[in-house]
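Q: Sharing a structure with you now.
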Amino acid sequence: MRRRIVGSVVAIACAAWLPGGASRPSQAGGAASAARPATIGEAYTYAPGAFTPEYQVPEPGSYSLPVIQRIHDHPLIDAIRGETTLFSLKAGRMAVVAFVYMSCAEATGCPFSLSVLHRLDAVLAADPSLGSRVTLLTISFDPGRDTPRRMADLRRLHDPKSDWSFTTPSGEAALTPLLADFDQSAAKLRYPDGRWSGLFRHVLKVFLLDERNEVRNVYSVGFLHPELVLADLRTLTLAANR
């Protein structure tokens with residue numbers, strides 16, 4: 001009998017940055033109706049939370065992961081390495097890729113995906129045999145504000161122990177084909193007068209890429225849990241070793 005996984009994660013939440021301290025717009029399926037104005041100095045807060053999956057994590061190797069799609073190479077700016085590409089950072093390894101923006105204030109959005117990668121980072125660092133075959137990639141879809149310097153701040157906050165990169169595209173021209181390739185939508189939330197609220201509406205997605213740059217799983221809120229991602233990574237490892 002497979003045991004039920006009960007996980008506890010630490011959500012690293014980015015406080016919302018809104019010009020002039022304005023409240024957030026209300027929109028069905030999008031952002032909440034109001035937010036406490038935040039300053040740049042209040043960029044990061046910590047909030048503990050627990051998540052109990054409504055499923056049992058299967059034994060690694062007891063299932064297969066079909067190919068969903070193939071991803072192409074894209075230019076990125078890494079907080080440490082500078083100008084690089086997606087494939088250069090992957091270096092032929094498996095990758096867990098999370099699209100975020102640092103002004104996200106939704107507890108089940110970007111902060112949640114960052115908390116999961118934070119947990120994966122600790123496990124991969126403690127398991128060199130698996131860690132040597134996996135890289136973690138955080139990519140901002142807000143290049144106008146999430147500069148390499150800000151991504152470096154985020155990296156220092158997480159203090160990665162494994163190979164975890166914090167990156168941003170150079171601008172909209174590099175961002176658009178990247179999001180389209182991953183089928184990751186991100187739309188600016190605007191006030192009735194057309195002004196941008198500073199927030200995005202996006203579906204939380206974290207992607208699992210294999211060594212051949214093929215997507216093998218896409219995790220959203222209900223299925224984004226470190227134990228499941230690790231089971232998938234180990235399943236791909238077992239399949240590659242056969």
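The values are calculated or read from the model by the stated rules, or taken from the named source; none is laboratory data. It should be emphasised that the depicted structure is a prediction, and the values quoted were computed from it without experimental measurement. Glycine gets a Cβ as well: all are built from the backbone with ideal geometry, and neighbour counts include every protein chain shown.
Q: Looking at (1) at pLDDT 95 or above; (2) touching a Pro at 6+ places or on another chain (Cβ under 9 Å); (3) crowded, with 19+ Cβ neighbours inside 10 Å; (4) hydrophobic (A, V, I, L, M, F, W, C), can you tell me which one residue 100 breaks?
A: (1)
Q: Among the residues of the stretch 71-97, write down those that are of a type in the set (A, V, I, L, M, F, W, C) and surrounded by fewer than 18 Cβ atoms within 10 Å (Cβ to Cβ).
A: 80, 87, 91
Q: If you scan the stretch 196-230, which residues turn out to be surrounded by fewer than 20 Cβ atoms within 10 Å (Cβ to Cβ) and part of a helix (DSSP H, G or I)?
A: The answer is 221, 222, 223, 227.
Q: Restricting to the stretch 169-198, what's the tally of residues that are in contact with a Leu (Cβ under 7 Å, 6 or more places away or on another chain), under 25 Å from residue 79 (Cβ atoms) and either modelled with pLDDT of 95 or more or hydrophobic (A, V, I, L, M, F, W, C) (or both)?
A: Total satisfying the criteria: 2.
Q: List every residue pair whose Cβ atoms lie under 7 Å apart, where the two residues are 6 or more positions apart in sequence or sit on different chains, the first residue falls within the stretch 156-183 and is in contact (Cβ under 8 Å) with a residue 60 or more places away in the chain, and the second residue, located anywhere, is part of a loop (DSSP other than H, G, I, E, B) and acidic (Asp, Glu).
A: 168/146
Q: Within the stretch 65-104, work out how many residues are farther than 22 Å from residue 172 by Cα and either part of a loop (DSSP other than H, G, I, E, B) or without any contact (Cβ under 8 Å) to a residue 40 or more places away in the chain (or both).
A: So the answer is 7.
Q: Something else: Can you list residue pairs whose Cβ atoms sit under 7 Å apart, with the first residue in the stretch 191-208 being without any contact (Cβ under 8 Å) to a residue 12 or more places away in the chain and the second being in a strand (DSSP E or B) and of a type outside the set (A, V, I, L, M, F, W, C)? Count only pairs 6 or more apart in sequence or on different chains.
A: Partner pairs satisfying both residue conditions: 196/188; 196/190.
Q: Which residue, of 155, 149, is at pLDDT 95 or above, within 15 Å of residue 78 (Cα to Cα), of a type outside the set (Gly, Ala, Ser) and surrounded by fewer than 13 Cβ atoms within 10 Å (Cβ to Cβ)? Walk me through it before giving the result.
A: Details: 155 fails: surrounded by fewer than 13 Cβ atoms within 10 Å (Cβ to Cβ).
The match here is 149.
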